[in-house]
1. Tell me the relative contact order for region 75-139 as a rounded percent, counting alpha carbon contacts under 8 Å between residues six or more apart.
2. Cut-off 10 angstrom, C-alpha nodes, Gaussian network model of the chain. Which of G158, G176, G61 fluctuates the most?
3. Could you tell me which residue out of G6, M50, A26 lies farthest along the dipole of the chain toward its positive end? Charges go on the beta carbon: Lys and Arg +1, Asp and Glu -1, centred on the Cα centre.
4. Using Cβ counts within 10 Å as a stand-in for footprinting exposure, how do S59, S80 rank, fewest first?
5. Report the longest stretch of the chain that contains none of the trypsin sites (Lys or Arg not before Pro) sitting in a DSSP loop with at most 13 other Cβ atoms within 10 Å.
6. Go ahead and collect, in residue order, the members of region 63-105 whose backbone nitrogen is under 16 Å from a label point 7 Å along the Cα-Cβ direction of Y156.
7. What does the charge count around R211 come to, taking other residues whose C-beta lies under 12 Å from its C-beta (Lys +1, Arg +1, Asp -1, Glu -1)?
8. Quick one: grab the alpha carbon gyration tensor of the chain, order the square roots of its eigenvalues as a ≥ b ≥ c, and give me rounded if a/c is under 1.5, else prolate or oblate depending on whether a/b is larger than b/c.
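Any read-out appearing in this document is the output of simple, stated calculations on the displayed coordinates, not a laboratory observation. Everything numeric here is computed off the predicted structure, so don't read it as measured data. Cβ placement follows ideal geometry from the backbone for every residue including glycine, while neighbour counts extend to all protein chains displayed.
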Amino acid sequence: AKSLGGFDAEMRVGEDVDFVWRLDRAGSTARYEPRAVVHHDPRPTLRALMRQRFFYGGSVGPLSIRHPSLLRPLKTSWHSVALWVFFFAGLAPISALLGIYTFVGLARRLRHLDHGVREALRLVVRGHWSALSSIVRALRREWIPLTLLCLLFGGYLGALALAVLFIPSIVDYFRGSKRLDPVTFVVLRILDDASYGMGAVTSCVRNRTIRPVVPDLRTWRANVH
């Protein structure tokens, strides 16, 4: 760790992530060892909280310059992205064909297993569902300008944008400790992600890079091992 110089003094945010990634690149290991109890006072106002999240989002530009391949809003197969694009565009038959294509391809690769077909089906369903979750997460954060633009258009696109913003927040509420009332929790969750996302986009502009908002799309074969 000392040979790497510790935290980068030029970074005001994301310096811990940068340090861990440099350790990993050097072949070292970062281990979490809780030896101290540190109390962190929460931001007292909504405005201060949003400013903090915006500030954290500002780390993506400098981090992407230092670690070009590690920071992407979405890493998945283009098959999964195309499947969901066709599905929400009202072209379910094409979406189904893509699903069948990925299932058949994976089933052939797993045919040497005793339950290869069943395992292929499980992996395909889980893989495509995970891709949808990642797409939604990106639309709530790094791609939040696109989501807000869809809201302005209204209609079907606006309804999809509302679903992207509200459904994950509602699910998170029921999965959590429920220390807040549902309305407050959902609103704060949306603002939290949106503030981070706008900070990330602003950071891209300031650092003249688009890498943090560009997805890393691969073939289905490259994603399954």
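1. Working: 42 pairs, mean separation 22.2, N = 65.
Relative contact order of region 75-139: 34 percent.
2. Between G158, G176, G61, it is G176 that shows the largest mean-square fluctuation.
3. Towards the positive end, the residue furthest out is A26.
4. Values: S59 23, S80 26.
By the 10 Å Cβ count, ascending, the order reads S59, S80.
5. Values: sites that count: R12, R31, R35, R111, K178, R179, R208.
That gives 36-110 as the longest site-free run.
6. 83-96
7. Values: positive: R66, R72, R208; negative: E142, D216.
Cβ neighbours under 12 Å give a net charge of +1.
8. Working: a/c = 1.78, a/b = 1.27, b/c = 1.40.
Oblate.
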